[in-house]
1. Dipole size in debye (nearest 20) for the chain around its Cα centre, Lys and Arg Cβ +1, Asp and Glu Cβ -1?
2. How large is the accessible surface per residue of the chain, computed with a 1.4 Å probe and reported in Å² as a whole number?
3. What part of the accessible area of the chain, given as a whole %, is carbon or sulfur when the probe is 1.4 angstrom?
4. Of Ile25, Ala10, Pro35, which is farthest towards the positive pole of the chain's charge dipole, taken about the Cα centre with +1 and -1 on the beta-carbons of Lys, Arg and Asp, Glu respectively?
5. At q = 0.24 Å⁻¹, work out log10 I(q)/I(0) for the chain with the Debye formula, treating every Cα as an identical point scatterer and leaving solvent out; two decimals please.
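The values are calculated or read from the model by the stated rules, or taken from the named source; none is laboratory data. Please read all numbers here as calculations on a predicted model, not as lab measurements. When we count neighbours, we look across all protein chains shown, and the Cβ atoms used for this are built from the backbone with ideal geometry, even at glycine. Remember, those area values only see protein heavy atoms, side chains included, never the ligands or the DNA or RNA. Shrake-Rupley method; radii C 1.70, N 1.55, O 1.52, S 1.80 Å.
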Amino acid sequence: MSTLFEKIIAREIPADIVYEDDICICFKDIEPQAPTHLLLVPKKVITGIGLAQAQDAQILGHLMVTIPTIAQQQGFASDGFRVTINHGSDGGQTVDHLHLHLLAGRSLTWPPG
Ligand code: 5GP
């Protein structure tokens, strides 16, 4: 069975896509927690960051170096932003397909709830 995010990648479910390349896709979160709330998702299904393997290193690195490109394109690079990965139930993960939350557009508090 496909994950929710695979269905977005396959255009079976609509999403507001802001960036895509061969390895990853980035789209707006349906329930934004900040003025800008994007999800950066590898096209390969990695269930969660806690289950990433050495063979995923190139994909994970690609996600990281793509963040500044998206931040520039979306106009939040200069004011700052937060990148969050939730894993498992205590981490608050609800979709079992690795995704990075990119949160921007307001001053974010710490510690998280
Ligand atoms: P998690 O809780 O797993 O860290 O993050 C999953 C995120 O996916 C949540 O922020 C949630 O709002 C978002 N989400 C859930 N369903 C959809 C959907 O159908 N479309 C989009 N764009 N985001 C979704």
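1. Working: 7 positive and 12 negative charges, 26 e Å.
So the dipole magnitude of the chain works out to roughly 120 debye.
2. On the way: 6730 Å² over 113 residues.
Each residue of the chain exposes 60 Å² on average to a 1.4 Å probe.
3. Within the chain, the accessible surface is 52 percent carbon and sulfur.
4. It is Pro35.
5. The Debye formula, applied to the Cα set alone, gives -1.60.
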